[in-house]
Amino acid sequence: MSNQKSIAANCRFCGYQCALQAEIVNGKVIKVRPDASRFPYDDSIQARCRRWRRVPEVLDHPQRINYPLKRVGERGSGKWQRISWEQALDEIADRLQALKQTYGPETLATSIGGPHTTFWPLHRFMTLFGSPNNMGIGQICWNPGILVNAMTYGWPIDMELHPDLTECALLWGVNPAESDNSLFWHTIQEFSRRGKPIIVVDPRKTATAKLATLWLPVRPGTDPVLALGLLHVIIREKLYNLNFVDLWCHGFAELEKHVASYSPSYVEAVTGVKAEDVIKAARLFAGKFPATLYSGRGIDQLGPNTVPTHRALAILRAVTGNVDVPGASHISEMPDFIPEIDLELSAQFPEHSRRNNIARNRLLLQSYSGYERLKSLTMKHNKRLPMRYLTSAHPNLIWRAMLNGEPYPVRSMIVMASDPLLTQADTHLIYQALKSLDLLVVLELFKTPTAMLADYILPAAGVMERPLMETKAGTANIAYGGDQAVEPYYERRPDYYFWREIGLRLGQTKEWPWKTYREALQASLSPAGVGWEDFCKTGLYCASNQYFKYQEINPQSGQASGFATASGKIELYSNFLEQLNADALPTPKALPEVSPSYPLKLITGARFHPYYASSYHQLQEFRRLHPHPWAEMSSATAAKFGLEDGSRLWVETKKGKARFVAKISEMCDDVISVEYGWWYPEMEAAEPSLGGLWLSNANILTSAEFESSDPLIGTWIYNGLSCRIEKIQ
Ligand SMILES: Nc1nc2c(c(=O)[nH]1)N[C@H]1C(S)=C(S)[C@@H](COP(=O)(O)OP(=O)(O)OC[C@H]3O[C@@H](n4cnc5c(=O)[nH]c(N)nc54)[C@H](O)[C@@H]3O)O[C@H]1N2
Ligand SMILES: Nc1nc2c(c(=O)[nH]1)N[C@H]1C(S)=C(S)[C@@H](COP(=O)(O)OP(=O)(O)OC[C@H]3O[C@@H](n4cnc5c(=O)[nH]c(N)nc54)[C@H](O)[C@@H]3O)O[C@H]1N2
Ligand code: SF4
Ligand SMILES: [Mo]
């Protein structure tokens, strides 16, 4: 007799984690449907989403990895032997121990990517192992906004968009129509239906921009100039919030002087946005209250221009009084549950290991010293940011250390839920680096191009097979998630299992008290006074947002608590940056030159459905819906190069070339926007093909050279590179 039941669980094919009911027969999910009884649920979101229906298919996809695999042939030859978890863990632990003895703990690096799984077990392991070389995408995703807002406001802020409360929305380099087809996008549509003004800053007229009252087609990478132009108009026309600026902002006079030269006509010349639109946008944004300002990866990936852009946007919110105001933003709180920083055991990370960071403290902010400086501010309000992600190593230095042993040899890497060959910059460099390793371990759902080069591939438990608890890395008092629906299929295990087992084998005996991932999550939630089962029932733990907290009187000092900065105010003029010998006011940096041989500007990586970075290319329905890697361009640009919709073309930069299919879109002229994450899982899972890695992979075109990255965070350029194109006959 079949054993049938229905279990509450969540989708995790994007960060929204929609509530589902899973129908289980004999331990396998045969069907899922939306579950209206739990958070987050929205039938109109699920009606439009193509991903959740594919849960049963992904769970038992023929290409899933089900057992630990050990390489038996040459690296990359595609020859594998199935082994037991015990054997895999014992062998990996032995090899890590031997490498550590020879080279020191820094010889182990790790790689993470988007938030597909919980990072803190990896970070906890690395802390205890003694290596500072956890590496990810922090420099170009999340960290710039977190670090800049923390130094400007004393803590990161969460943006708000309420159709009732908010009066204007400025969306800067963010395209939720493709990247967040859930609540945020839904709210923007509602906002637009109500006739409220939306301003979108994006070189492409995206589906989000199509809803806008005003679309500002900025030339890639010129954003700080545009933002300073808006500030110029707002200050010149006295549209700022005088009272708030007087009481709560530091350095207005310096700012006023600083933006004086960013006249609308100058801004037009640099950014391509018409002077009259610069004025219109400034008046619209400053003329409505409350107004919200969201930004996305469009500005996180501008190399040295990312920090000045974030700073200018932080200032734009401040001078218009849109900080800690319902409908605009709130300064978030530390969680009631155990924060990420404690789960990482960062307090135990020894000083000598910190000093051994691979950048040798050359980064001013994304470094242990930068972190400590920032912590001395946030601690004024008793708050601590997560440490490991905000100090994560610069990938370019890791790849180089693998190849040349400088500043020390990095001989091994553990890759979890990421695919560096497709999603990190400079594929050729990464390929050489991975090939040179003594030990490469990959925890994966699928045999990705990176996994194809591994010594061991370990089968990870994915959606429905493990519990979920998402937490904004401990920067806010919110957790959402739910339980697993089934035991992992075959011999898959949650990532947590791997880190704990390796940790135990390497002597980390006291620090892994929780046997299962569920127990670990339960323990981390317990200070909030919520049991795991209650949490799973609702799918959400959060406290209500508080506003105008800076006005609250601190009982000890008898004074308003203000902002956790050196001046106690929002720092328009940044004392923090001044102390680091960096620009105290946002100052645009030179853009990569447009040369006659590379006359076009390149965007690599604007999001598109139904894929998610390098994921889901195995699903035939998705491939039918979206069969080609597009290179978008305006009709004028296409005409210049004899291209039309569907033409095949090479896109080439100084780093290399890759092929795409032309798609004519409304966007800035002389700009090419290529999709990223493309590979072909149906092609051979071995060298030389590596699943079609070398065909249409956008990161063949990019580079993250440390020396030309931003000196504070290490941000490199994905948007605004110089390129050329050529029709494939
Ligand atoms: N050129 C360019 N490059 C970019 C970007 C860009 O805009 N342009 N964007 C960058 C950004 S913001 C990000 S976040 C990264 C994303 O980069 P990645 O995170 O590397 O890419 P994904 O395809 O999202 O996920 C990688 C792998 O995670 C696996 N996976 C999913 N769930 C689990 C799990 O629970 N456990 C384990 N072990 N594996 C799992 C999937 O099978 C998939 O192969 O790309 C970055 N790279
Ligand atoms: N479908 C899908 N959804 C995803 C992902 C995915 O891979 N696929 N990835 C997830 C991840 S990891 C992240 S970080 C988020 C990112 O979410 P978003 O930030 O919304 O994503 P992007 O599409 O990378 O960037 C937004 C916009 O920036 C624009 N842009 C490019 N260059 C510039 C520039 O120089 N200036 C300005 N102002 N804009 C520019 C692009 O045209 C694009 O429309 O999405 C998440 N959601
Ligand atoms: S929006 Fe779609 S992909 Fe994202 S969690 Fe919900 S159902 Fe899954
Ligand atoms: Mo990301």
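Rule-based calculations on the coordinates, nothing more; no lab input. Just so it is clear, the structure is predicted and the values come from calculations on it, not from any experiment. Note that we place each Cβ from the backbone using ideal geometry, even for glycine, and neighbour counts take in every protein chain shown.
Over the chain, DSSP H runs of length four or greater, each weighted -39,500 (n - 2.57), average out per residue to a 222 nm ellipticity of -8500 deg cm²/dmol. Let me know the shape class of the stretch 43-86, please: from the alpha-carbon gyration tensor, a ≥ b ≥ c as square roots of the eigenvalues, rounded when a/c is under 1.5, otherwise prolate if a/b is greater than b/c, or oblate. Note, shape of the stretch 43-86 comes out prolate. Taken over the alpha carbons of the stretch 1-106 as equal point scatterers, the Debye sum produces base-10 log I(q)/I(0) values at 0.11, 0.22, 0.23, 0.24 Å⁻¹ of -0.61, -1.11, -1.17, -1.24. Annotation for the stretch 647-693: GluC sites (Glu not before Pro) lying in DSSP loop with at most 16 further Cβ atoms inside 10 Å of their Cβ are Glu666, Glu682, Glu684. Loop-located chymotrypsin sites (Phe, Trp or Tyr not before Pro) in the stretch 114-203 (DSSP state other than H, G, I, E, B) with a sparse environment of at most 15 neighbouring Cβ atoms within 10 Å are absent. If you wrap the Cα atoms of the chain in a convex hull and average its projected area over all directions, you get 30.4 nm². Shown here: the stretch 408-466, whose C-alpha atoms stretch 39, 21, 18 Å along the first, second and third principal axes, sorted largest to smallest.
Here the average projected area of the convex hull drawn through the C-alpha atoms of the stretch 91-131 stands at 3.1 nm². Contact order, relative form, for the stretch 472-542: 50 percent (alpha carbon pairs under 8 Å, 6 or more residues apart, mean separation divided by residue count). Considering only beta bridges that DSSP places wholly inside the chain, some 55 percent are antiparallel. Taking every alpha-carbon pair under 8 Å whose residues sit at least 6 apart, the chain reaches a relative contact order of 19 percent. A prolate overall shape is assigned to the stretch 456-585, the ratio a/c of its alpha-carbon gyration tensor axes (a ≥ b ≥ c) being 1.5 or greater and a/b exceeding b/c.
Distance between the 7 Å Cα→Cβ label points at Ala523 and Ser635: 6.3 nm. A compact globular protein would have a Cα radius of gyration near 2.2 N^0.38 Å; the ratio found for the stretch 157-331 is 0.95.
Determine the shape class of the stretch 293-337: with a ≥ b ≥ c the square roots of the Cα gyration tensor eigenvalues, call it rounded for a/c under 1.5, and otherwise prolate if a/b is greater than b/c, oblate otherwise. In terms of gyration-tensor shape, oblate. The three principal axes of the Cα atoms in the stretch 502-652 give end-to-end lengths of 70, 47, 39 Å, sorted in falling order.
Derived value for the stretch 125-164: Kirkwood hydrodynamic radius 12.7 Å. Basis is the mean of 1/r over every pair of different alpha-carbon atoms.
Each principal axis of the Cα cloud of the stretch 447-512 was evaluated for its coordinate range; sorted largest first, these ranges are 40, 29, 24 Å. Directionally averaged projected area (the stretch 4-59, Cα convex hull): 3.5 nm². Here the dipole of the stretch 30-70 is about 160 debye; that uses its Cα centre as origin and unit charges on the Cβ of Lys and Arg (positive) and Asp and Glu (negative).
Restricting the trypsin sites (Lys or Arg not before Pro) of the stretch 456-513 to loop positions (DSSP other than H, G, I, E, B) with no more than 13 neighbouring Cβ atoms within 10 Å leaves Lys510.
When only the Cβ of Lys, Arg, Asp and Glu is charged (+1, +1, -1, -1), the dipole of the chain relative to its Cα centre reaches about 620 debye. From the C-alpha coordinates alone, can you work out the Kirkwood hydrodynamic radius of the stretch 351-502, in Å? The Cα-based Kirkwood calculation yields 17.9 Å. If the chain linking Lys257 and Asp645 were pulled fully straight, counting 0.36 nm for each residue of separation and taking away their Cα-Cα distance, it would gain 134.9 nm.
Volume per residue of the convex hull around the Cα atoms, evaluated for the stretch 64-157, comes out as 157 Å³.
Here the stretch 600-727 is assigned +1 on the Cβ of each Lys and Arg and -1 on the Cβ of each Asp and Glu. Its dipole about the Cα centre then comes out at about 200 debye.
Here the stretch 600-727 has an Rg and Dmax of 15.0, 44 Å, counting Cα atoms alone.
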